[in-house]
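Trainee: Handing you a structure now.
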There are 10 protein chains.
Amino acid sequence: MAEYLVQMQVNIPPEMPPERLEELRAREKRRGLQLRTEGTIQRVWRVPGRVANIGYWQAPDATVLHEKISSLPMFPWLDVTVTALAQHYLEAEDR
Amino acid sequence: MAEYLVQMQVNIPPEMPPERLEELRAREKRRGLQLRTEGTIQRVWRVPGRVANIGYWQAPDATVLHEKISSLPMFPWLDVTVTALAQHYLEAEDR
Amino acid sequence: MAEYLVQMQVNIPPEMPPERLEELRAREKRRGLQLRTEGTIQRVWRVPGRVANIGYWQAPDATVLHEKISSLPMFPWLDVTVTALAQHYLEAEDR
Amino acid sequence: MAEYLVQMQVNIPPEMPPERLEELRAREKRRGLQLRTEGTIQRVWRVPGRVANIGYWQAPDATVLHEKISSLPMFPWLDVTVTALAQHYLEAEDR
Amino acid sequence: MAEYLVQMQVNIPPEMPPERLEELRAREKRRGLQLRTEGTIQRVWRVPGRVANIGYWQAPDATVLHEKISSLPMFPWLDVTVTALAQHYLEAEDR
Amino acid sequence: MAEYLVQMQVNIPPEMPPERLEELRAREKRRGLQLRTEGTIQRVWRVPGRVANIGYWQAPDATVLHEKISSLPMFPWLDVTVTALAQHYLEAEDR
Amino acid sequence: MAEYLVQMQVNIPPEMPPERLEELRAREKRRGLQLRTEGTIQRVWRVPGRVANIGYWQAPDATVLHEKISSLPMFPWLDVTVTALAQHYLEAEDR
Amino acid sequence: MAEYLVQMQVNIPPEMPPERLEELRAREKRRGLQLRTEGTIQRVWRVPGRVANIGYWQAPDATVLHEKISSLPMFPWLDVTVTALAQHYLEAEDR
Amino acid sequence: MAEYLVQMQVNIPPEMPPERLEELRAREKRRGLQLRTEGTIQRVWRVPGRVANIGYWQAPDATVLHEKISSLPMFPWLDVTVTALAQHYLEAEDR
Amino acid sequence: MAEYLVQMQVNIPPEMPPERLEELRAREKRRGLQLRTEGTIQRVWRVPGRVANIGYWQAPDATVLHEKISSLPMFPWLDVTVTALAQHYLEAEDR
């Protein structure tokens, strides 16, 4: 599995109607949990003070990674930066 | 208590109706005073010429800090940067 | 334990004598393995193409985190950026 | 007293001889404590992972502030950013 | 008097109705002339090619400076950067 | 094979002795041709006006990619940026 | 043929009506395939996580290149960066 | 005559009605040709892939330059950067 | 007279021998006072915390301005940014 | 002929021995005049306050352009940015 650092900034406009936002959030959470359960999202943290997160993702390749990220219901409002990760020697022994 | 530098830029659109802005400001001030009274916001300064501020905040951890920041009524319009702060040796003696 | 994303760029000058570099690397690896074994460095990845890494660190607070990072023998040559991490709701359930 | 946010990055070259570095650090600490005792440096925090700090300083004006900062023995190696601070309305009441 | 370099970028949306723009400009000019007459704006230049200006302002402190800047009718559309200025030795003699 | 855009800026100091530079360039070219022949470097272009290049590389994963890049004799002087590439739909048909 | 690296970020607003977006995408794909068939777009990759792509284009000169890029139906929403490419010595032999 | 490099990025919103855009473009072209004929715009090039241009302008001073630039009908949508140009010694002989 | 904002950052290496630095400073001051007396440097302020200054300069044109700036003994160590200034309407009346 | 905007920043270290600098400058001028005479450098201006220039160059393609730029004796100390230029419609008529 290829490894990636995925940083997401969510840019939902403040004037989005609350019901629509709530529905969007519910769908986002559902899809997020699926990606987490299936192991695509290995870890994810919130960036404090922002509607943003940093995640450690795994996918067979960058094409599948893109499909997974763009399957998020909030994708049209996301600003995403992907960094390919290589193995560090400190982890070489134990894997 | 963990310590943080919290920098906030407020991006309220100029075309927001004045009554809504006033009401939003009133709620923001109320919540801000609560955070200040309870000690979450230890100090806060305005950046001159901008609708922006720099604060020295305390919270048990980054998760609670995020809850506090996102409890501000203006949160959807804020651009916030959080910097974790460590103890400086000049302050080690007197604390 | 507080959680941090720690990004490190190593700026060793190319003209450092090879024996000194080797000795420095050996000490860096030894200290790195200690930090990894004790759980300070939870995960660490290499940024491909660069002498740089991205790590997920844990420490009681930012003061201890700084002590740990600055205990690395290569610290005088490091350019380090620390981001405090908060809990993401996708992980709230399972922890 | 005028108020300032003072951010300092210390760029001592790693190849400085240890005795010189130690002597420089000792003098820096002495001068730093003076500035802290006299109330010029009101608060100061270390930026974790970096030889850098963020301080809340007070001085009669920017000319005196510059004299105070440039009186630090490490000044030739410092990269300093000063931000003038204004009073925030959350603090207006209690001062 | 404290001294400041004040840089202003005016971001009026091109679709603002002409009468409103004209009225806003008239009020801006009136307030600008007051600030210039009273000596808050000592000098001001236009940045060629932009709706932007660079000014040399004087105010008792940053709090008053902020009040003066935010009293401009165009303030909600301004992006302002303030730099505190200290005395330069070339001017020390003649002041 | 995973695909990457690899951008390299070469920062050889101008004062490197000419013979050393020549020898370094000869070794760099030899290793570059190997990487090109084996298919790691699929395409490479020079950025005009700079000692810099942009390449389209293929490798099984980011760990091998890093090994290949760091096998270049000029690696200690390189500033490299790697971008993981995914398949574009315009190429989906013909591969 | 002159060679160019063309990087495109697509900034379609999330609130565009789905039918319009679909029709725009269909036309974009049609024009993209023409440019690819005629050899203007030699290669193109998607930047994972973004509605963005990186392409290797060929055109007689920058004027024709601009005509080709601006013939894309999505051009009004594109943020495009063009880099002129020169021949690298590793490719000099085999062309 | 003073000399300037004038870089312009045109930010017309994609949703501007076509007739209005056409009319705006016609007026822009007319004014542009006047500035070119009178010698204010000495040379102008398009930045490929962008609605942007780079020009070499002449004007008696920066105040007149600003009047000329702001006389363009598209001025409210322009993001302009002006660089003052001095004579280069390679041109000193032949002027 | 053309008007310019001239921002200077002085990058003297900390390891310059003190006598050489002193001699350089003495010559810099002498030349600076000449430029100030002759009216080229109209005003100049120190940026607090930095060896940097912001000046309001006047010169017949950018070519002469460059000659004046490069006549400063510290010129080889300066990082200078020049902004051409145009007349602001608030000053149009009184000049 | 392809057209390019070529921006050059010259980074000669201040401590280069004066005779070497003079000799380098003499050779640079000689080569610059050749490039100007042969029409590669069509126009060139100095950026006031900096050892930098902006030029309008012509070359058959980016590969030849790179050869011309790198033939300058100061090339190892140059930081060069090349922008490909396309024809602007204001110049289409008269060429």
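The values are calculated or read from the model by the stated rules, or taken from the named source; none is laboratory data. Only a predicted model underlies this, so the values are computations on that prediction, with no experimental measurement involved. Here Cβ is always computed from backbone atoms with ideal geometry, including for glycine, and neighbour counts include all displayed protein chains. For accessibility, only protein heavy atoms count, side chains too; no ligands or nucleic acids. Shrake-Rupley method; radii C 1.70, N 1.55, O 1.52, S 1.80 Å.
Trainee: Among the candidates H:Glu91, H:Glu67, H:Glu3, H:Glu19, which residue alone is of a type in the set (D, E, K, R) and within 23 Å of G:Phe75 (Cα to Cα)?
Mentor: After applying the criteria, what remains is H:Glu19.
Trainee: Same structure, new question: Going through region H:9-28 one residue at a time, which ones are farther than 20 Å from J:Leu5 by Cα, open to solvent by less than 40 Å² (accessible area, probe 1.4 Å) and outside any helix (DSSP H, G or I)?
Mentor: If the condition is that a residue be farther than 20 Å from J:Leu5 by Cα, open to solvent by less than 40 Å² (accessible area, probe 1.4 Å) and outside any helix (DSSP H, G or I), then H:Ile12, H:Met16 are the ones that fit.
Trainee: Could you list all residues from region A:68-95 that are farther than 21 Å from F:Val82 by Cβ and either assigned to a helix (DSSP H, G or I) or β-branched (Val, Ile, Thr) (or both)?
Mentor: A:Ser70, A:Phe75, A:Pro76, A:Trp77
Trainee: Another one. Considering only residues that are surrounded by fewer than 19 Cβ atoms within 10 Å (Cβ to Cβ) and at negative phi, which ones fall in region E:29-49?
Mentor: Restricting attention to region E:29-49, the residues satisfying the condition of being surrounded by fewer than 19 Cβ atoms within 10 Å (Cβ to Cβ) are E:29-31, E:33-34, E:37-39, E:42-43.
Within region E:29-49, E:Lys29, E:Arg30, E:Arg31, E:Leu33, E:Gln34, E:Thr37, E:Glu38, E:Gln42, E:Arg43 qualify.
Trainee: Right, next: Condition first: under 26 Å from G:Met16 (Cβ atoms) and aliphatic (A, V, I, L, M). Now tell me which residues in region A:36-95 satisfy that.
Mentor: If the condition is that a residue be under 26 Å from G:Met16 (Cβ atoms) and aliphatic (A, V, I, L, M), then A:Val51, A:Ala52, A:Leu65, A:Ile69, A:Leu72, A:Met74, A:Leu78, A:Val80, A:Val82 are the ones that fit.
Trainee: Here's another thing I want to ask about it. Exactly one condition in (1) part of a loop (DSSP other than H, G, I, E, B); (2) of a type in the set (Lys, Arg); (3) in contact with a Lys or Arg (Cβ under 9 Å, 6 or more places away or on another chain) is not met by B:Arg50; state its number.
Mentor: Among (1) part of a loop (DSSP other than H, G, I, E, B); (2) of a type in the set (Lys, Arg); (3) in contact with a Lys or Arg (Cβ under 9 Å, 6 or more places away or on another chain), B:Arg50 violates only (3).
Trainee: For region F:66-88, name all the residues that are farther than 22 Å from F:Ala26 by Cα and out of contact with any His (no Cβ under 7 Å at 6 or more places or on another chain).
Mentor: F:Thr81, F:Val82, F:Thr83, F:Ala84, F:Leu85, F:Gln87, F:His88, listed by residue number.
Trainee: May I pose another question? Please specify each residue of region B:21-54 satisfying the condition of being more than 14 Å from chain E (Cβ to nearest Cβ) and either touching a His at 6+ places or on another chain (Cβ under 8 Å) or charged (D, E, K, R) (or both).
Mentor: B:Glu23, B:Arg27, B:Glu28, B:Lys29, B:Arg30, B:Arg31, B:Arg36, B:Glu38, B:Arg43
Trainee: Can I ask one more? Go through (1) farther than 24 Å from E:Lys68 by Cβ; (2) part of a loop (DSSP other than H, G, I, E, B); (3) touching a helix residue (DSSP H, G or I) at 6+ places or on another chain (Cβ under 7 Å) for B:Gly39 and report which single condition fails.
Mentor: Result: B:Gly39 passes all but (3).
Trainee: Based on this model, can you work out whether G:Thr83 counts as among the hydroxyl-bearing types (Ser, Thr, Tyr), at pLDDT 95 or above and more than 28 Å from H:Trp77 (Cβ to Cβ)? Spell out how you get there, then give the answer.
Mentor: Numbers: among the hydroxyl-bearing types (Ser, Thr, Tyr): yes; at pLDDT 95 or above: yes; more than 28 Å from H:Trp77 (Cβ to Cβ): no.
In short, no.
Trainee: For the structure I just gave you, tell me whether I:Arg31 is touching a residue at least 24 places away in the same chain (Cβ under 8 Å) and assigned to a loop (DSSP other than H, G, I, E, B).
Mentor: no
Trainee: Here are some conditions: (1) more than 10 Å from chain E (Cβ to nearest Cβ); (2) buried (at least 16 other Cβ atoms within 10 Å of the Cβ); (3) β-branched (Val, Ile, Thr). H:Val6 meets all but one. Which one does it not meet?
Mentor: So H:Val6 meets the others, but not (1).
Trainee: Mind counting the residues in region E:75-92 that are more than 9 Å from chain B (Cβ to nearest Cβ) and either over 26 Å from I:Gln42 (Cα atoms) or surrounded by fewer than 17 Cβ atoms within 10 Å (Cβ to Cβ) (or both)?
Mentor: Of the residues in region E:75-92, 3 are more than 9 Å from chain B (Cβ to nearest Cβ) and either over 26 Å from I:Gln42 (Cα atoms) or surrounded by fewer than 17 Cβ atoms within 10 Å (Cβ to Cβ) (or both).
Trainee: Going by the structure shown, is A:Pro73 free of Cβ contacts under 8 Å to residues at least 40 places away in the same chain and at negative phi?
Mentor: Judged against the criteria, A:Pro73 is not a match.
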